[in-house]
Amino acid sequence: MKLRKLISLLLAALMLLGAVAFAEPAKIVATDYTGKTIILHTNDVHGAIDGYAYIPTLREYFYSLGADDVITVDAGDFSQGEIYVSTNKGAAAVDMMNAAGYDIVTLGNHEFDYGYAQVMDNLSKAEFTAICANVIKDEDGVPILPAYTLWTGSKGEEPIKIGFVGLETPETATKVHPGLIKEIHFAAFEDHFAYAQAAVDFAKAEGADLVIALAHLGVDAESAMNGYRSVDLLAKVEGIDFTIDGHSHTVMTAGEDGQAIQSTGTKFAYIGVVVIDNATKAVEDNFLVSTKGLKKDELVAAKAEGIISAIDAIYTSVFATTEVELNGAKAPGNRTEETNLGDLITDAMVWSVVKEGGIEQVEPNNVVGITNGGGIRATIAAGDVTMKDINTVLPFGNTVAVIYATGAELLEALEASTFCTPNAVGGYPQTSGIKWTLDTTKPFDQGEVYSLDGKPGSYYAPASIQRVTIEEVNGEPFDPEAIYAVVTNNFCAAGGDTYNVFYRAYSEGAGFDTGIPMDEAVMDYIEQVLEGKITAEAYGEPRGYATQILAEAEADAAA
């Protein structure tokens, strides 16, 4: 019997031989998963919809090795990224997750990019359970989704019960256009942990043998200031047995100090596996499976290809060329330093407004551009440039806006949006027309927390300007008392990311939304000003207007 079982296990492995490349193949091939519950998990898929075809294959593989049950879950950010989900506001992601057979998901900040109403409309078509404990409706103080769900196993006289608790990063309050989420708020600071603890306690009260957190929190340094990381969750909330994490795109099988946290990176680089022993009712193992070479389910793959082909037919026509790669990286990149792509985008934004007129109340030399580095989502390779490329770089549908700000307010915006630089921050300013210096050897002087419409945000105002100086604006000396027309995007104008100072001006009538889509502004600039060719001379390197003074260790690392 033992030999027969061993042969069956080997045959199951050989079925996928040549098509499967696992992170730890010996662990899977040599193990009998009878009496085990397997959790397959993903996070931060960001529109890589062809990867959903890996899920049924891996699920069936574990069943072939004797698993009692296989649960498939996701830790958020499935609605935005590639044009295959951004052009339909996340609906295609839900459709693909239905096809792949997901069971439980929580929400990421990017689920709200198209507004609260769109999130709920998308989820109304879901065939899986969506949970989230800490996103609260203002009208009644109740979470917009169930805070937790109880999953019951299919085998045994006393089948295992697993409580799943969903958690969203409170940073969503300022990482999403505030005007799109006015009906809700994101429990912040101690309330964040209180909602999490309550959900854990309720799950245990209903008989959960163990609790798994689906937490879109991450471990970024940017999130450490407010204690919103997954490691902070485990330090503050009791009763969580394991955390499936998202948000920071980290590849990890444990926290920095060995905490029970696992995360798969992004876009199906890996699929996570958590093994639970049904007899001991405890997590027995966890690991990541590489998708390189992993066989795809044919039906799910065909569904993804249908979506991809239809959208590519519209978006892949070439309208320009670039001699250089345009840097869309996160870090080092648009969230840490000036980039050539940031220069191109902000130049295009300024041009799109100046050519239309309407900002004559300031001198031409007092017009500048700022966009948040976190809004730049992809690199454009040297060669042909398509509408798809630009839409992938700028997938949010943001429009170009104008804020009238004093020089002092401009300084505040730059100081607030670089508070943790050289660590990455989504608000890092990509600029046009501003020559400025950031001294990262000096501390950020943390003031009061910014708020929008009376709701606490995720970032702090600078109590004083310590780190940033502005030397010139369009070749003229900087004047802290002068009025500048700041061309930005409607997300920053509404106080998104770290730009609360822009919201103050905008809400008082000192600005307007042009209605010009950012992607169209960039495409028009490339076609009309650059005559369809992005040259090395114009954008081969960053223009060098943003200078950073680094500590010696940081300078050595950068070198």
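The values are calculated or read from the model by the stated rules, or taken from the named source; none is laboratory data. Treat the numbers as computed from the prediction; the structure is a model and nothing was measured. Heads up, the Cβs are rebuilt from the backbone with ideal geometry, glycines too, and the neighbour counts pull from every protein chain shown.
Of all the strands (runs of 3 or more DSSP E) wholly in the stretch 392-480, which have at least 3 residues that are in the same structural domain as GLY47 (by TED's automatic domain parsing) and surrounded by 22 or more Cβ atoms within 10 Å (Cβ to Cβ)? Per the criteria, no element qualifies.
The set of residues in the stretch 339-366 being in contact with a helix residue (DSSP H, G or I) (Cβ under 8 Å, 6 or more places away or on another chain) and aliphatic (A, V, I, L, M) consists of LEU341, LEU344, ILE345, ALA348, MET349, VAL354, ILE359. So for the stretch 116-131 (the condition being charged (D, E, K, R) and either touching a helix residue (DSSP H, G or I) at 6+ places or on another chain (Cβ under 6 Å) or in the same structural domain as GLY454 (by TED's automatic domain parsing) (or both)), does at least one residue qualify? So far as the stretch 116-131 goes, yes, one or more of its residues are charged (D, E, K, R) and either touching a helix residue (DSSP H, G or I) at 6+ places or on another chain (Cβ under 6 Å) or in the same structural domain as GLY454 (by TED's automatic domain parsing) (or both).
To keep it simple, each residue is scored yes or no on (1) within 21 Å of THR174 (Cβ to Cβ); (2) of a type in the set (A, V, I, L, M).
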| position | (1), (2) |
| --- | --- |
| LYS388 | no, no |
| ILE403 | yes, yes |
| GLU415 | yes, no |
| SER464 | no, no |
| VAL473 | no, yes |
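Among the residues of the stretch 212-226, those that are touching a residue at least 24 places away in the same chain (Cβ under 8 Å) and either surrounded by fewer than 23 Cβ atoms within 10 Å (Cβ to Cβ) or within 20 Å of ARG335 (Cβ to Cβ) (or both) comprise HIS216, LEU217, GLY218, VAL219, ASP220, ALA221, GLU222, SER223, MET225, ASN226.
Please go through the stretch 251-272 and give me each residue that is of a type in the set (A, V, I, L, M, F, W, C) and not in a strand (DSSP E or B), ordered by number. ALA254, ALA260, PHE268, ALA269, listed by residue number. Looking only at residues of the stretch 46-72 that are in contact with a strand residue (DSSP E or B) (Cβ under 9 Å, 6 or more places away or on another chain) and in a loop (DSSP other than H, G, I, E, B), we find that the one that is surrounded by the fewest Cβ atoms within 10 Å (Cβ to Cβ) is GLY66. With respect to ILE307, determine if the residue is assigned to a helix (DSSP H, G or I), aliphatic (A, V, I, L, M) and within 19 Å of GLY101 (Cα to Cα). So ILE307 fits the description; yes. The residues in the stretch 273-291 that are within 13 Å of ILE55 (Cα to Cα) and part of a loop (DSSP other than H, G, I, E, B) can be counted, and the count is 1. Within the stretch 129-157, the set of residues being under 21 Å from PHE202 (Cα atoms) and assigned to a loop (DSSP other than H, G, I, E, B) comprises ILE131, CYS132, ALA133, ASN134, ASP140, GLY141, VAL142, ILE144, LEU145, PRO146, ALA147, GLY153. Among the residues that make up the stretch 264-278, is at least one of them buried (at least 23 other Cβ atoms within 10 Å of the Cβ) and closer than 22 Å to GLU171 by Cβ? Checked against the condition, which is being buried (at least 23 other Cβ atoms within 10 Å of the Cβ) and closer than 22 Å to GLU171 by Cβ, the stretch 264-278 yields at least one hit. Hey, could you check the stretch 91-116 for residues that are small (Gly, Ala, Ser) and at pLDDT 95 or above and say which is farthest from GLY47 (Cα to Cα)? Applying the filter and picking the extreme gives GLY101. Mind checking which residues of the stretch 363-382 are out of contact with any strand residue (DSSP E or B) (no Cβ under 6 Å at 6 or more places or on another chain) and not aliphatic (A, V, I, L, M)? Correct list: GLU363, PRO364, ASN372, GLY374, GLY375, ARG377, THR379.
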